[in-house]
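> Dropping the structure in here first, questions after.
What follows is calculated from the coordinates using simple rules that are stated; it is not laboratory data. For clarity, every value in this text was computed on a predicted model and none was experimentally measured. Backbone-built Cβ (ideal geometry, glycine too); neighbour counts: all protein chains shown.
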Amino acid sequence: MTIDANRDIKTCGRCGARKSRSGFYSDRQRKDGMSAYCKKCYNEKNEQWRKNNPEAYVRSQRNTRRKWQYGIDSDHFYKILDEQGGKCAICKTVVDESAHIDHCHDTGTIRGILCRNCNVGIGMLQDSVEIIGSAVEYLSK
């Protein structure tokens, strides 16, 4: 955890190994700008956490993906889901946090939360009102 006077060597706070700065990840929240643990210890610690907390890890991954892909956080997702009564916007099946966010591919606007089947279905029908209309006519025969 301490840095030598020449600032090129740092001691890992977990294993005690002395390594060059390249042996540590950057961390803007720390004074020295580097993580307290070397890359090997950091990765081992995170892997252990993932194994001990599989549900939290999956939830974290989902939230990160939603934020990156759609620009919404967990609160926004649950707000939309609550507005839909906790159900798929199309078939009204009860859904949970594993549900899919449906969005317009042209504008990026979020239309709602869908179950997997409905999300795949409208995707296979190319999000086309005309094709979906034809499918409705076909099924109505």
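> Specify the angular offset, from 0 to 90 degrees and rounded to the nearest 10, of the alpha carbon long axis of helix 74-83 from the longest principal axis of the alpha carbons in the chain.
The helix 74-83 is inclined about 20 degrees to the chain.
> Arrange the following residues from fewest to most other Cβ atoms within 10 Å of their Cβ: T93, T107.
Values: T93 14, T107 8.
Fewest-to-most Cβ neighbours within 10 Å comes out as T107, T93.
> For Cα Rg over 2.2 N^0.38 Å, which listed value, (1) 1.36; (2) 1.18; (3) 1.63, comes from the coordinates shown?
(3)
> Related question: Under a straight-distance cross-link criterion of Cα-Cα below 18 Å, which aspartates and glutamates are reachable from K45, leaving out those fewer than 8 residues away in the same chain?
Candidates past the 8-residue exclusion: D27, E55.
> To test your reading of the geometry: what angle, between 0 and 90 degrees and rounded to tens, separates the Cα axis of helix 54-70 from the longest principal axis of the chain?
Compared with the principal axis, the helix lies near 70 degrees.
> Would you please name the trypsin sites (Lys or Arg not before Pro) within the range 13-80 that are DSSP coil residues with at most 12 other C-beta atoms within 10 Å of their C-beta?
Filter output for the range 13-80: R28, R30, K31.
> If the cut-off is 20 Å between C-alpha atoms, which lysines fall inside it for K67, apart from same-chain ones fewer than 8 positions away?
K79
> Related question: May I ask which of K19/K40; K10/K39; K10/K40 have a Cα-Cα span longer than 19 Å here? List each step's numbers first, then the result.
Numbers: K19/K40 11 Å; K10/K39 12 Å; K10/K40 14 Å.
From K19/K40; K10/K39; K10/K40, over 19 Å: none.
> Only four residue types carry charge here, +1 at the Cβ of Lys and Arg and -1 at the Cβ of Asp and Glu. Report the dipole size of the chain about the Cα centre in Debye, rounded to the nearest 20.
Values: 25 positive and 18 negative charges, 223 e Å.
Dipole size: approximately 1080 debye.
> Further question on the same structure: By counting other Cβ atoms within 10 Å of each Cβ, how are E55, E44 ranked from fewest to most? All intermediate terms of the calculation are to be shown ahead of the outcome.
Details: E55 7, E44 14.
Least to most surrounded, the residues fall as E55, E44.
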